[in-house]
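A quick write-up on the structure given underneath.
The values are calculated or read from the model by the stated rules, or taken from the named source; none is laboratory data. Predicted, not measured: the structure shown is a model, and the values here were computed from it. Positions of Cβ are generated from backbone atoms using ideal geometry, with glycine treated the same way; all protein chains shown enter the neighbour counts. For accessibility, only protein heavy atoms count, side chains too; no ligands or nucleic acids. Shrake-Rupley method; radii C 1.70, N 1.55, O 1.52, S 1.80 Å.
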Amino acid sequence: MNTISIRRRVAVGLGGGALLVATLAGPALASNTVVQAITGSGLTASVADLTFASVPYQNAAHDVTGSMVLTADDSRGTSLGWNVTIQTSAFVWVGTANGGTDIPAANFVLTSAAVPVMVAGQVVNVAADTGPQVPAISPLLSLGSARKVISATAAYGAGTYTQALGVTLTIPALSRVGVYTGTLTTTISSTP
């Protein structure tokens with residue numbers, strides 16, 4: 001027998017043995033993980049600017065009415081609940097007439113607070129008392145003090161919501177010609 005023939009037999013035997021071992025060992029498995037982080041961005045609330053229509057000078061007190069839109073967003077991803085309050089400053093007078101004075105903050109009154117409307121997120125269901133709601137204690141009073149106008153209990157209110165708010169400003173008798181500007185402070189806090 002020659003040396004080449006013996007080498008071939010040994011190589012064929014080794015190759016067949018390796019194939020048999022690979023078949024008996026089964027498939028090779030690996031354990032891998034995939035990780036996805038989700039981060040929250042926080043709570044925000046704001047009211048769009050409101051400019052009342054100009055009115056003529058009057059000797060008697062009179063009211064002007066309007067509506068504002070509140071937008072509240074909970075993008076924390078925690079479902080802890082939240083509430084929004086609104087408060088105004090006095091309406092500061094700027095003009096050239098003699099004797100002009102500011103309109104008191106107490107003269108700016110919230111007259112209606114509509115059911116919140118979902119823009120994105122959890123659905124508002126008034127009948128089931130889920131999602132953001134108008135508070136049980138009526139916010140329909142002067143905005144000279146902070147008034148809670150919308151709130152969401154824990155497990156609800158994840159998303160973006162709008163709320164229409166009706167307002168009335170009582171202009172005192174003999175208010176001088178000029179421009180009166182109030183500043184609204186809108187605060188969203190993480191306690192329902």
Any idea which of (1) more than 21 Å from PHE52 (Cα to Cα); (2) out of contact with any Pro (no Cβ under 8 Å at 6 or more places or on another chain); (3) part of a strand (DSSP E or B) is the one THR65 doesn't satisfy?
(1)
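Every residue, every condition in (1) without any contact (Cβ under 8 Å) to a residue 24 or more places away in the chain; (2) in contact with a Lys or Arg (Cβ under 8 Å, 6 or more places away or on another chain), yes or no:
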residue	(1), (2)
SER31	yes, no
VAL34	yes, no
ALA37	yes, no
GLY40	no, yes
THR44	no, no
ALA48	yes, no
THR51	yes, no
SER67	no, no
ARG76	no, no
Can you find, within region 56-66, the residue that is nearest to the chain's Cα centre (by Cα) among those that are within 16 Å of PHE108 (Cβ to Cβ) and open to solvent by 60 Å² or more (accessible area, probe 1.4 Å)?
THR65
Residue hits (region 67-100; buried (at least 16 other Cβ atoms within 10 Å of the Cβ), of a type in the set (A, V, I, L, M, F, W, C) and within 30 Å of THR39 (Cβ to Cβ)) are LEU70, ALA72, LEU80, TRP82, VAL84, ILE86
Exclusive hit being closer than 30 Å to SER54 by Cβ and surrounded by 19 or more Cβ atoms within 10 Å (Cβ to Cβ), set TYR156, TYR180:
TYR180
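Quick one: which strands (runs of 3 or more DSSP E) lie wholly within region 91-192 and hold at least 2 residues that are touching a Phe, Trp or Tyr at 6+ places or on another chain (Cβ under 9 Å) and closer than 30 Å to THR78 by Cβ?
By residue number, 117-121, 147-152, 184-189.
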Restrict the check to region 161-168 and report whether at least one residue is in contact with a helix residue (DSSP H, G or I) (Cβ under 7 Å, 6 or more places away or on another chain) and either open to solvent by 50 Å² or more (accessible area, probe 1.4 Å) or modelled with pLDDT of 95 or more (or both).
no
Can you find even one residue in region 159-175 that is small (Gly, Ala, Ser) and touching a Lys or Arg at 6+ places or on another chain (Cβ under 9 Å)?
no
Residue match in region 123-135 (condition: surrounded by 12 or more Cβ atoms within 10 Å (Cβ to Cβ) and at pLDDT 95 or above)
no
Of ASN98, ASN107, ASN83, the only residue that is more than 24 Å from the chain's Cα centre (by Cα), within 21 Å of SER138 (Cα to Cα) and not hydrophobic (A, V, I, L, M, F, W, C) is ASN107
Among the residues in region 114-122, are any open to solvent by 30 Å² or more (accessible area, probe 1.4 Å) and over 28 Å from the mean Cα position of the chain (by Cα)?
no
Report, ordered by the first and then the second residue, all pairs with beta carbons closer than 7 Å, sequence separation of six or more or different chains, a first member in region 175-192 that is within 19 Å of VAL149 (Cα to Cα) and of a type in the set (Gly, Ala, Ser), and a second member that is modelled with pLDDT under 95 and open to solvent by 50 Å² or more (accessible area, probe 1.4 Å).
SER190/LEU80
